[in-house]
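S.K.: Take a look at the following structure, please.
Just so you know, all these numbers are worked out from the coordinates, no wet-lab data involved. The structure displayed is predicted, hence computed values, not measured ones. Cβ sites come from the backbone with ideal geometry, for glycine too, and all protein chains shown count toward neighbours.
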Amino acid sequence: MRRIPFFALALLCAACASPDRKPNIIYILADDLGYGEVGAYGQEKIRTPNLDRLAGDGLRFTQHYSGSPVCAPSRGSLLTGRHTGNAYVRDNFEVGGWGPDEPEGQLPLKDTEVTIAEMLRSEDYATGFVGKWGLGGPDSEGHPNNQGFDHFYGYLCQRVAHNYYPTHLWRNGDADSLEGNAPWFAAHQQIDSPLDTEMEYYTRYQRQTYAPDEMIEEALGFVRDNADQPFFLVYATPIPHLALQVPTEELDQYIGAFDEEPFLGGPYLPHPRPLSAYAAMITYMDRSVGRLVDLVDELGLGEDTIVMFSSDNGTTYTGGVEAEYFNSTAGLRGLKGSVFEGGVRVPMIARWPGHIAEGTETSHVSAFWDVMPTLAALTGATVPEGIDGESFDGILKGDEPFARSRPLYWEYHAFGAMQAVRFGKWKGVRLQARENPDGPVLLFDLDADPAETTDLAASRPDIVARMDSVMDARTLSHLSRWNLGEDYSSE
């Protein structure tokens, strides 16, 4: 596509901004970023000035939830407006292995599923997805171009995304080779003892082209190329998902900040300064967010553009990440892979100058599957039938929190399978549900006990019965298929 010179484009966009224009939408999705890993949510060791500014310019949600405690089902929930009791993709189901010649991708999202991109494209939006996909590999029905996105650039496969120096990314249907990144090397390695020098780590586990550099440039290009029409961009950065890999100039911003020992790897790559690497990755992501927001403002599109930022699940429990050291969950129980709050409660910030009040906060309870109906309400699009979400467009405009008409629900099929339900202040959790589908339900009062420390099930059997009925309604139709890798999701 021919590009208009930048300054001419900025003047043009400033002149054509109109209250009648449908809003542009930029949805920024971090990967494995914990609730407490942003300064605006209490983080004290990792620098996130741009995200903190975004919160200062807009609305901060304190009770927003991801679609799942792991990547693929969470992304599917976001894009289709369905929780994991009704969604097609409910787990990280792989279709290939770990080697360079293995097929790429995860369980493909079915063509019959309606995504936010398809919903908005019917309203004449340009649609783009940059970053990590995880909902279908090359030539599958789940490919982003088959799910409503005009343009895609990034990782199709979550396994490939474990390496920030891959041999290639994908631009729509074509592999885009990254200069200086061949030959392929595994993102899961372990050493017996620390290497002699830091440079030896970088020689082994870095290459020339850092994939996030390419992806943020592609996202900026998409905004420039579509600034004269309504657009929807998902920027799904793979950061801070492991492995610990970040350019040395980024890492050196944290020289001397932490007392740390080398990480020897297993299951992810070794690193000489793991605390610094993790912090530097998040700070790098933060700067990329700042670049996107700054470009929107430079083009005169600030009042025409909703920017949302969130994370697909909580902080990981492995690979050299020290969640306790960074207070990554802000005191919430659980990490990635858990339906306790630390696995599914995530940061959520929304900015829309002139529409969303600056420096505000809401305790409204919302989730990924609410994003689709919210964007429909803001753009005039038609909401697909059968979704689980409830629009929070009024919350963006300053309304008080409202009581949801339906409970929130999660199921996750690893670690013995687990379920969670929330309605009002009450949260119910069932563990080991595959082995014991009628097992006990733990009950928590999240208003009084957000860290889920005290099980109140014995004192409130009435609430437990309501939780149990919601879980049973979701379980009975597919319980026999609660095995990883089986297609239980057609129910």
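S.K.: Before anything else, pin down the relative contact order of the stretch 74-218: Cα pairs under 8 Å, at least 6 apart, normalised by residue count, whole percent. Please report the intermediate quantities before stating the final value.
M.R.: On the way: 239 pairs, mean separation 26.6, N = 145.
RCO, the stretch 74-218: 18 percent.
S.K.: Reachable lysines from residue 132, Cα under 28 Å, same-chain residues fewer than 8 places away excluded?
M.R.: 22, 45, 110, 336
S.K.: Please list, in chain and number order, the residues 5+ apart from residue 388 or on another chain whose amide H is under 5 Å from its amide H, with Hs placed from the backbone.
M.R.: Amide H neighbours of residue 388: 82, 83.
S.K.: What does the charge count around residue 38 come to, taking other residues whose C-beta lies under 15 Å from its C-beta (Lys +1, Arg +1, Asp -1, Glu -1)? Each step should come with its number before you reach the end.
M.R.: Details: positive: 45, 47, 53, 60, 287, 345, 351; negative: 31, 32, 37, 44, 52, 57, 286, 312, 361.
Result for the local shell: -2.
S.K.: Through the Karplus equation 6.51 cos²θ - 1.76 cosθ + 1.60, θ set to phi - 60°, convert the phi angles of the stretch 345-355 into ³J(HN,Hα) values in whole Hz; use x for Gly and Pro.
M.R.: Running phi through 6.51 cos²θ - 1.76 cosθ + 1.60 with θ = phi - 60° gives 7, 9, x, 8, 10, 10, 10, 7, x, x, 10 Hz.
S.K.: Then there is this: Would you list the P(r) distribution for the stretch 413-481, with all Cα-Cα distances sorted into 10 Å bins from 0 and each bin expressed as a whole %?
M.R.: 22, 53, 23, 2
S.K.: Apply 1/(1 + (r/R0)^6) to the Cβ-Cβ distance of residue 405 and residue 197, taking R0 = 56 Å, and write down the FRET efficiency to the nearest 0.05. Don't skip to the end; give the middle numbers.
M.R.: Numbers: r = 60 Å, r/R0 = 1.07.
So the FRET efficiency works out to roughly 0.40.
S.K.: For the stretch 321-452, list log₁₀ I(q)/I(0) at each q in 0.09, 0.12 Å⁻¹, using the Debye formula over Cα point scatterers of equal strength and ignoring solvent, two decimals each.
M.R.: Log10 I(q)/I(0), no solvent term: -0.33, -0.58.
S.K.: Further, regarding this structure: Using Cα centres only, tell me the gap between the stretch 62-125 and the stretch 284-299 in whole Å.
M.R.: 26
S.K.: Right, another one. Under 13 Å from the Cβ of residue 392, count the other residues' Cβ atoms, weight Lys and Arg +1, Asp and Glu -1, and hand me the total. Can you show the working numbers first?
M.R.: On the way: positive: 397, 404; negative: 370, 390, 393, 399, 400.
Local net charge: -3.
S.K.: Let me ask something else about it. Only Lys, Arg, Asp and Glu count, each charged at its Cβ (+1, +1, -1, -1), so figure out the dipole size of the stretch 88-168 about its Cα centre, rounded to 20 debye.
M.R.: Details: 5 positive and 13 negative charges, 53 e Å.
Taking the Cα centre of the stretch 88-168 as origin, the dipole is about 260 debye.
S.K.: Here's another thing I want to ask about it. Neighbouring Cβ atoms within 10 Å as the yardstick, rank 157, 71 fewest first.
M.R.: Neighbour counts put them in this order, fewest first: 157, 71.
S.K.: Please list the non-local residues whose amide H lies under 5 Å from the amide H of residue 404, H modeled 1.01 Å from N, same-chain partners needing a gap of 5 or more.
M.R.: 424
S.K.: How big is the antiparallel share of DSSP beta bridges in the chain, given as a percent to the nearest 5?
M.R.: In the chain, approximately 55 percent of DSSP beta bridges are antiparallel ones.
S.K.: Here is a further query. Calculated from DSSP H runs of 4 or more alone, at -39500 (n - 2.57) each and per residue, what is the 222 nm mean residue ellipticity of the chain, nearest 500? Present the calculation step by step, with values, prior to reporting the outcome.
M.R.: Values: 13 runs with 123 residues, N = 491.
Value at 222 nm, helices only, nearest 500: -7000 deg cm²/dmol.
S.K.: While we're looking at this one, here's another question. How large is ³J(HN,Hα), in whole Hz, for each residue of the stretch 181-197 in order, when computed from phi with the Karplus curve 6.51 cos²θ - 1.76 cosθ + 1.60 and θ = phi - 60°, using x for Gly and Pro?
M.R.: For the stretch 181-197, the Karplus curve yields 9, 8, x, 4, 9, 6, 8, 10, 9, 9, 10, 7, 8, x, 6, 5, 9 Hz.
S.K.: I would also like to ask the following. Translational diffusion coefficient, Stokes-Einstein: compute it for the chain using the Kirkwood radius over C-alpha pairs as Rh, at 20 °C and 1.002 mPa s, and state it as an integer in µm² s⁻¹. Each step should come with its number before you reach the end.
M.R.: Working: Rh = 22.8 Å.
Translational D for this selection: 94 µm²/s.
S.K.: Taking the Cα centre of the chain as origin, work out the dipole magnitude from +1 charges on Lys and Arg Cβ and -1 charges on Asp and Glu Cβ, in debye rounded to 20.
M.R.: 720
S.K.: Near the amide H of residue 346, under 5 Å away, which other amide H atoms are found, from residues 5 or more places off or on another chain, if H is placed in the peptide plane?
M.R.: Placed amide hydrogens put 64, 65, 66 under 5 Å from residue 346.
S.K.: Ordered by residue, what ³J(HN,Hα) values in Hz, to whole numbers, does the stretch 53-63 give under the Karplus form 6.51 cos²θ - 1.76 cosθ + 1.60, where θ = phi - 60° and Gly and Pro are x?
M.R.: 5, 4, 5, x, 8, x, 10, 10, 8, 9, 9
S.K.: Given labels modelled 7 Å from the Cα in the Cβ direction, how far is it in nm from residue 325 to residue 358?
M.R.: Placing both labels 7 Å along Cα→Cβ, they lie 3.7 nm apart.
S.K.: May I pose another question? In what order do 425, 336 fall by count of nearby beta-carbon atoms within 10 Å, going from fewest to most?
M.R.: Going from least to most buried by this count: 425, 336.
S.K.: Aspartates and glutamates within cross-link reach of residue 397: Cα-Cα under 16 Å, excluding same-chain residues under 8 positions apart?
M.R.: Straight-distance partners of residue 397: 57, 303, 304, 358, 361, 370.
S.K.: Roughly how many whole Å is it from the C-alpha centroid of the stretch 218-273 to that of the stretch 425-447?
M.R.: Cα centres, the stretch 218-273 to the stretch 425-447: 35 Å.
S.K.: Relative contact order (percent) for the stretch 22-406, with alpha-carbon contacts under 8 angstrom and 6 or more residues of separation?
M.R.: Numbers: 919 pairs, mean separation 115.5, N = 385.
Over the stretch 22-406, the number comes to 30 percent.
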